[in-house]
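One structure is given below, encoded as structure tokens.
The values are calculated or read from the model by the stated rules, or taken from the named source; none is laboratory data. These numbers come from a predicted model, not from an experiment. Positions of Cβ are generated from backbone atoms using ideal geometry, with glycine treated the same way; all protein chains shown enter the neighbour counts. These area figures cover heavy atoms from the full protein model, side chains too; ligands, DNA and RNA do not enter into them. Shrake-Rupley method; radii C 1.70, N 1.55, O 1.52, S 1.80 Å.
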Amino acid sequence: MHPFTRPTYPSAAPLQPKRHVMNDEQLLMLSPDVAGLEKAAAILARGGLVSFPTETVYGLGADARDDKAVASIYAAKGRPSFNPLIVHLSDVAAVADYCEMNDTARQLADAFWPGALTLVLPLRAVAGISKLVTAGLDTLAVRVPDHRVAGGLLQAFGGPIAAPSANPSGRISPTSAAHVAAGLGAGIDAIVDGGDCSVGVESTIVSCIGAPALLRAGGIPVEALEACLGQPLVQGQDTDLPTAPGQLASHYAPQGKVRLNAAYAEEGEVLLGFGPVDAALNLSVAGDLIEAAARLFACLHELDAMGAARIAVSPIPDRGLGRAINDRLRRAAAPR
Ligand code: TXA
Ligand code: MG
């Protein structure tokens, strides 16, 4: 049996459950076919919230031009501040309607879109994107997802979809419809169930404002981006990074206390392994970083479901997708 298909995890309940649905109907589970996508698009067009799968993680989508709909994303996630959101578009031509694209942006877009790369670009004055999406910035984070269901929804909706990861603020990102239902179910209108996400960590974020800068390690390895550009990326200020150390804990955190670079589990710890180690759960017995990224959040959800109070994690090599995995694990392990 697949371990992550259970409908609810008691431990993954929203921190502050809120109901921000358009009506009192129950959460709709939609199938990823034409009928389901049309229904989902209609809900978005009415200002509702729809969670949908991408290749990275499940997103919580709203019409990016609708202030009220975007505000309800923040409410449903219990997100304390207006951190800017990523806008999803169906193709590069649509991106150019909303953003200025310089040579670097075009080069990266050609090479990696559709895909797990988000570009921060100058927002065009006429774009019509809600200021709540950009948190008032004059730049926009955009991405063309590489997923049949996300692409189908973007086509059916025919507009920009703002979507952060579909988890309660500060909790583990969702890589299945069951994760979304457990975390946000009461506060959103619908979930399009497209199965498990293949990449499993969020997109890599690169700013193309000035010299290209890495803002967040993610699903496209930094090495691949630098090879494409023929130059190293500036190590940019990660927009998720805290201004005070305590804020680190607000991301990707399981319930249990996390200890990194653990050779073995101490008494009372559950080992999240990597490679050929004797572990309760293993990200990849074969030591494959792609498999480990795909399983990371599902394993953290599973550790919550097991009630693991202390979690030890094997060392993960800091290359390729290992950089994104280590970034998420460092946040999970940060003092709370
Ligand atoms: O893979 C992903 O990127 C997923 C899926 C759903 O597409 N989405 C996602 O969104 O991870 P979210 O909201 O969890 O992360 C958005 C990140 C935040 O760190 C935010 O600060 C940054 O993007 N961001 C958004 N707009 C920005 C901007 N204009 N300038 C700099 N950073 C920005
Ligand atoms: Mg997130």
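Measuring r between the beta carbons of residue 91 and residue 318 and using R0 = 25 Å, the FRET efficiency lands at 0.15. Largest mean-square fluctuation among 33, 318, 103, in a Gaussian network model of the chain whose springs join Cα atoms under 10 Å apart, belongs to 103.
To two decimal places, what compactness ratio does the chain give when its Cα radius of gyration is scaled by 2.2 N^0.38 Å?
Numbers: Rg = 18.9 Å, N = 336, 2.2 N^0.38 = 20.1 Å.
That ratio works out to 0.94.
If you build a Gaussian network model of the chain, linking Cα atoms that sit under 10 Å apart, which residue out of 174, 317, 84 swings the most? Answer for the Gaussian network model of the chain: 317.
Which percent, nearest 5, of DSSP beta bridges in the chain are antiparallel? If we restrict to bridges inside the chain, about 45 percent are antiparallel. Please report the carbon-and-sulfur percent of the accessible area for the chain; probe 1.4 Å, protein heavy atoms only, DNA, RNA and ligands left out. The C+S portion of the solvent-accessible surface of the chain is 54 percent. Other residues with beta-carbon under 13 Å from the beta-carbon of residue 66 carry, at +1 per Lys or Arg and -1 per Asp or Glu, a net charge of +2.
Under 15 Å from the Cβ of residue 255, count the other residues' Cβ atoms, weight Lys and Arg +1, Asp and Glu -1, and hand me the total.
Numbers: positive: 171, 257, 259, 310, 331, 336; negative: 269, 302, 304.
Value of the local net charge: +3.
How much area per residue is accessible in the chain when the probe is 1.4 Å and only protein heavy atoms are counted (Å²)?
Numbers: 13800 Å² over 336 residues.
On a per-residue basis, the chain sits at 41 Å².
Compute the relative contact order of the chain as a whole-number percentage, counting only Cα pairs closer than 8 Å that sit 6 or more residues apart in sequence. 21 percent. Beta bridges from DSSP with both residues in region 41-151: antiparallel share about 75 percent, rounded to the nearest 5. With a cut-off of 16 Å on the backbone N, the residues of region 169-208 near the modelled label site 7 Å out from residue 35 along Cα-Cβ are 192-193.
From a point 7 Å beyond the Cα of residue 186 in the direction of its Cβ, which residues of region 71-103 have a backbone N at a distance under 15 Å? Zone members listed by number: 76-78.
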